[in-house]
1. With the checklist (1) more than 29 Å from A:TYR183 (Cα to Cα); (2) open to solvent by less than 10 Å² (accessible area, probe 1.4 Å) in hand, flag the one item A:ALA254 doesn't pass.
2. Within the stretch B:313-333, which residues are among the aliphatic types (A, V, I, L, M) and modelled with pLDDT under 90?
3. Is it true that A:LYS331 is within 13 Å of chain B (Cβ to nearest Cβ), closer than 22 Å to A:GLY358 by Cα and under 27 Å from the mean Cα position of the chain (by Cα)?
4. If only one of A:GLU265, A:GLU243 is away from chain B (no Cβ under 12 Å), touching a strand residue (DSSP E or B) at 6+ places or on another chain (Cβ under 7 Å) and open to solvent by 40 Å² or more (accessible area, probe 1.4 Å), which one is it?
5. For the stretch A:199-223, how many residues meet the condition of being at pLDDT 75 or above and open to solvent by 20 Å² or more (accessible area, probe 1.4 Å)?
6. Select, from A:SER94, A:SER70, the only residue that is among the hydroxyl-bearing types (Ser, Thr, Tyr) and more than 29 Å from B:PHE304 (Cβ to Cβ).
7. State whether the residues of the stretch B:339-362 include one that is surrounded by fewer than 19 Cβ atoms within 10 Å (Cβ to Cβ), at the interface with chain A (Cβ under 10 Å from one of its Cβ atoms) and modelled with pLDDT of 90 or more.
8. What residue, among those in the stretch B:274-322 that are β-branched (Val, Ile, Thr) and at the interface with chain A (Cβ under 8 Å from one of its Cβ atoms), is farthest from B:THR261 (Cα to Cα)?
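The values are calculated or read from the model by the stated rules, or taken from the named source; none is laboratory data. In this text, all values refer to a predicted model and were calculated from it rather than measured experimentally. All Cβ positions, even for glycine, are placed from backbone atoms using ideal geometry, and neighbour counts span all protein chains on display. Quick note on the areas: whole protein, heavy atoms, side chains included, nothing else; ligands and nucleic acids left out. Shrake-Rupley method; radii C 1.70, N 1.55, O 1.52, S 1.80 Å.
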Number of protein chains: 2
Amino acid sequence: MRYPLGFFSFGRNIGIKDNTLDFSVIYSENVCQAAAVFTRNNYPGAPVIVGRDHIQNGLLQAIVINSKNSNVATGEKGVQDSYQICEEIAKSLSIKITDVLPSSTGVIGVPLPMEKILSACRDAKQHLKPGNLEEVAEAIMTTDTRKKIAYREITKDKETGVIFGMAKGAGMIEPNMATMLSYILSDYLPESGDLKGLLRKAVDHSYNCITIDSDTSTSDTVVLMCSGILGTLPDEVFYRHLESIAIELSKKIARDGEGATKLLELTVKGARDDNQATKIGKSILNSPLIKTAIYGGDPNWGRFVMAVGKVFDEPIPYDKLFIYLGGIPVKAADTITKQKIADYLKKEEEIVITVELGSGKTEKTFWSCDLTEGYIKENAYYTT
Amino acid sequence: MRYPLGFFSFGRNIGIKDNTLDFSVIYSENVCQAAAVFTRNNYPGAPVIVGRDHIQNGLLQAIVINSKNSNVATGEKGVQDSYQICEEIAKSLSIKITDVLPSSTGVIGVPLPMEKILSACRDAKQHLKPGNLEEVAEAIMTTDTRKKIAYREITKDKETGVIFGMAKGAGMIEPNMATMLSYILSDYLPESGDLKGLLRKAVDHSYNCITIDSDTSTSDTVVLMCSGILGTLPDEVFYRHLESIAIELSKKIARDGEGATKLLELTVKGARDDNQATKIGKSILNSPLIKTAIYGGDPNWGRFVMAVGKVFDEPIPYDKLFIYLGGIPVKAADTITKQKIADYLKKEEEIVITVELGSGKTEKTFWSCDLTEGYIKENAYYTT
């Protein structure tokens, strides 16, 4: 695993809830150009409020993250807490407070255990190790069942650098954004310096195309930090790798959806525009009847028709609508075909769905997971 | 149980799928004034297409219903089948074909077993019994676990008549309308004769306020038939009873949601208008995180904040937002209060939720149910 140059990090346990890793810091030797995208929920968590403030100048040098507590709905005190965490980290690392971005993920509405966290902030410097980002990827997990990492090595002028991404998130996920945290770090910079534009575009084609349960978290954050130690890459090269990492991480989030047994990849083709594709794509992937049918291996194509038809303001003529599961047309399928589809649904862990609308030329891909008893168990008994 | 005068009916098994009741007819001796409201899904079932045609003149004399097969997504042939069913019933009962309304509910995309159904239509007259509507309420069930009946006796000039309603529906339910069928019959007429206006208004305050799983069926139908044998009632009296029956049936549908263990009744208060109340109300009751939390008896109020906050275009200032469970304020509740709420959630079968927005004076009530493993099991293995 290759880490971008100049980055140090750690993940450790400070006892916020149990004995798993719950506190981590990412630090760059030099000040990075940076951009971030946050939740659209009207009640953003305190770290989002502080993050929006600190990212304004487009510079970051450190990220400080705790899991097990989201610092959401904690009022003015919560916002002060997040500022104070940045301040302590800035002191410990001798950097500017506005160059620190805070993240918190976990339960809503409970004040942060500030004594533990501030003490850990003061000790931050001594725990930092070069690279070491896998440890952070583990420390940011909540109900995730596995670490989510994606990176691309890029060679230029005989030197090899990397764009390295990590993410967490498994529930309350319909990013716009969702309790999803994702950090993407690089020793390269895009030539134009337009990190914000490139990040936004990549997010629109990846994180914003996943839905696990239609709920939108109050904490979602995606951060891009570029040290530029290895110089610049042409925007198109940088973007291609950035988008590819963002999509890989998004698929990992969807596949690891709470209780999920399968990844669903839906491509809407022949849409009039992005808006139509998104409305119909989300209607399909948010339908609990479709998600349970796929879980049960049931080729219940009527539910797809229903889900397209319930987008009242986007009527698609019935004879223009085509639906494929694993490449097999399912509308009005006969018994033999249905059996084939059932076999496909039962056997595969990645279910490929294609829906053709016949309204235009736009194509867009979305990801989700099946809906199982595991989701119910996890969320009925995830205690506050 | 009192039935409206002049109505005859039956429910019987004709072997469409198994040996439960699957075919029923409601017949009135005289031609009734009638109105109906249908699904907004863009792919309505064939019976909905035929029903819209036959209700145009505001008159009905019979309803013919089969369960176990919805005759949806069955093309032009399906529509012809529904017309033919009406024709056979009209012949058997010596009434006009346009005075027959057909309904079908069950699996999507499978042609109706027409031989069985037409034969049953030809025999319809001999099976009719006076009143007998409980049998119909049973015959229209699919995944319902119980019959849904509500009626109000109304005495006028020493004679007592009745408005009698029945309904079925347990999944694919976010009526706008949902696989919900409901028939409301009376021996009274509203004075104004405006059945359509009264029915629409009642539906907006009842069936359109329930959601079980956010999916909108292709078959939803609510029919009102008034024989007028006992004369007229003032509109306000007729409406009051009609709405009360519609709400009672709606609650029964929500309570009987697939896998449900609890009825949720949410009142949104202090909304700016009906539209704001509906958007926020539906966002709360469609949130799987809220529905699983209530199932688990978890006083997870942060999820309510999240669900209000994810209605991006209706921002509610955080300090104006109040949330009550069983009358107990839950925002920032302390440990003792949380325990009280947990006890309430675990003990009660009807959970009362109140959300105050502080934006205006509109108040609206919505119904749903909790989300359990039972929903997953029922829908993962409900075979096509």
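1. Of everything listed in (1) more than 29 Å from A:TYR183 (Cα to Cα); (2) open to solvent by less than 10 Å² (accessible area, probe 1.4 Å), A:ALA254 misses just condition (1).
2. B:ALA332, B:ALA333
3. When the stated conditions are applied, A:LYS331 does not pass them.
4. Only one candidate qualifies: A:GLU265.
5. 5
6. The conditions single out A:SER94.
7. Yes; the residues of the stretch B:339-362 include at least one that is surrounded by fewer than 19 Cβ atoms within 10 Å (Cβ to Cβ), at the interface with chain A (Cβ under 10 Å from one of its Cβ atoms) and modelled with pLDDT of 90 or more.
8. Among them, the one singled out is B:ILE316.
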